[in-house]
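In what follows, a structure is listed as structure tokens, so that the remarks can point back to it.
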Amino acid sequence: MEEIKVIEIKKSVFADNDKDADLLRQELKQKGTYLLNVMSSPGSGKTTTLIQTINRLKDKLRIAVMEADIDGDVDAVKIKEATGIPSIQLHTGGMCHLDAEMTRQGLDNLAAGEADLVILENVGNLVCPAEFDTGSCRNAMILSVPEGHDKPLKYPLMFSVCDVVVINKMDVLPYFDFDMDKCKEYIRLRNPRARVIPICAKSGEGVDVFAEWLLQEVKQWKQA
Amino acid sequence: MHELGIVFYIIRDVKQAAAENNVEHVSGVVMNIGEVSTIVPQYLTDCWRWAADKEDLLRGSELKIHILPAVTHCGDCGRDYATVKHGRNCPHCNSPNTWLLHGNEVEIKEIEVS
């Protein structure tokens, strides 16, 4: 019988990425750059929310944006046209998420050393991006009203890794069976610390609250 | 399709372990996969076949999956229970104050060389 030799490994496949991500966070801390990782389903209004937020903060902070998608550059172009700030498009080459190494490459290409705030718009997906730490300082998640208030029950990991949940498209609330109280309760079950901010990115309602949260976050990151 | 991304991570770690142990060909890789890790085992082995056969080190190697049961602990009554059967709320006292003890693992257990 052929002999099989076994080599014990006992190692999480996420261990290396987690280490890379921690290192990246330390480097960002030294540079005084705050990285926000924004995640959501496709079509939740991430890009519109970012444009509204950036336009409220661009006089106070030096901002840059990285758009991650499987293909295309529509989001990076849209951000640049609507806000005038530097933005680059990252292609994940078919992958459903960004990891810390890809994020680092994006930051290098963006020459992000000058920025106070870099916003990473992750691939639209509620499963995979939650598993891979990008090295960001905080994770934000955008949930839009048409998606339903039960999303936190279906995608628990996404909600448990987020520091803030922005609920977008509040203007269409009367047309959907979206229960805001239930939604908040389900988010709290997954993550008692998460802040919930209802907005309408199209009209700009509520975006001030999110922008103020982000501004204070960046200030604290640069001080401490 | 995060299984493909995870397969690339596994390949990277196996290559590293093989180099450290002077291994030229790997015949099998054994994974510990938690029941609620969101990995679909069939997708993982399909992606493995496609990606591993492109590497000399791993050509023809088998990815073997051990499923680890998920166990949740209740913070109120202190008991443990099977996560998949009972879900988020404790079946003993109905408390939602519960957290996962095991079942989220995506771990390379061992590498087989023959």
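The values are calculated or read from the model by the stated rules, or taken from the named source; none is laboratory data. Keep in mind it's a predicted model, so treat the numbers as computed, not measured. Positions of Cβ are backbone-derived with ideal geometry, glycine not excepted, and every protein chain shown enters the neighbour counts. Quick note on the areas: whole protein, heavy atoms, side chains included, nothing else; ligands and nucleic acids left out. Shrake-Rupley method; radii C 1.70, N 1.55, O 1.52, S 1.80 Å.
Quick notes on this one:
- Formal net charge of residues neighbouring A:LYS182 (Cβ-Cβ distance under 15 Å; K, R +1; D, E -1): 0
- Highest-fluctuation residue, A:ASP75, A:ASP179, A:ASP22 considered, GNM on chain A with Cα pairs under 10 Å: A:ASP179
- Shape call, the protein assembly as shown: gyration tensor on alpha carbons, a/c limit 1.5: oblate
- Placed amide H near A:LEU35: partners under 5 Å, 5+ positions off or other chain: A:VAL118, A:CYS137, A:ARG138
- In the protein assembly as shown, the DSSP-assigned H stretches of four residues or longer account for a calculated mean residue ellipticity at 222 nm of -11000 deg cm²/dmol, using -39500 (n - 2.57) per stretch and the full residue count as denominator.
- Projecting the Cα atoms of A:MET180, A:ALA130, A:LEU120 onto the charge dipole of the range A:113-191, computed from C-beta unit charges around the Cα centre, puts A:MET180 farthest toward the positive end.
- The range A:15-218, accessible area per residue, ligands and nucleic acids excluded (1.4 Å, Å²): 42 Å²
- Carbon-plus-sulfur accessible fraction, chain A (probe radius 1.4 Å, protein heavy atoms only): 50%.
- Here is the short version for chain B: B:CYS47 have no other Cys C-beta closer than 4.7 Å.
- Local electrostatic count, A:ALA82, Cβ distance below 14 Å [Lys/Arg +1, Asp/Glu -1]: +2
- Under the convention that each Lys and Arg Cβ holds +1 and each Asp and Glu Cβ holds -1, the size of the dipole of the protein assembly as shown around its Cα centre is about 1120 debye.
- Where chain B is the region considered: accessible area per residue in Å², 1.4 Å probe: 50 Å²
- 17 Å Cα-Cα reach of A:LYS5 towards aspartates and glutamates, excluding residues that sit fewer than 8 places from it in its own chain: B:GLU20, B:GLU24, B:GLU62, B:GLU110, B:GLU112
- A Förster radius of 56 Å, combined with the Cβ-Cβ distance separating A:ALA224 from B:ASP53, puts the computed FRET efficiency at roughly 0.70.
- Helix B:2-20 axis, angle to chain B major axis (alpha carbon atoms, nearest 10°): 60 degrees
- GNM flexibility winner over chain B from B:GLU35, B:GLU62, B:GLU24 (Cα, springs under 10 Å): B:GLU24
- Buried area at the B-A interface (accessible, heavy atoms, 1.4 Å probe, summed, Å²): 2400 Å²
- Paramagnetic label zone (point 7 Å from Cα along Cα-to-C-beta, A:ASP71; backbone N under 15 Å) in the range A:88-129: A:91-96
- Within the range A:149-224, the trypsin sites (Lys or Arg not before Pro) that combine a DSSP coil assignment with at most 16 other C-beta atoms in a 10 angstrom radius are A:ARG193, A:LYS202.
- Counted charge near A:GLY32, where neighbours are those whose Cβ lies closer than 14 Å (Asp, Glu -1; Lys, Arg +1): +2
- At an R0 of 30 angstrom, the distance between the Cβ atoms of A:HIS91 and B:ASN97 translates into a FRET efficiency of 0.10.
- Under 5 Å, built H, 5+ apart or other chain: amide partners of A:ARG195: A:VAL164, A:VAL165
- Averaged over peptide A:11-22, the number of partner chain Cβ atoms lying within 10 Å of each residue's Cβ comes to 4.
- Across A:LYS60/A:LYS169; B:LYS15/B:LYS109; A:LYS184/A:LYS222; A:LYS60/A:LYS202; A:LYS154/B:LYS85, pairs whose alpha-carbon gap is larger than 20 Å: A:LYS60/A:LYS169; A:LYS184/A:LYS222; A:LYS60/A:LYS202
- Average partner coverage of A:33-42, which counts Cβ from other chains inside 10 Å: 0
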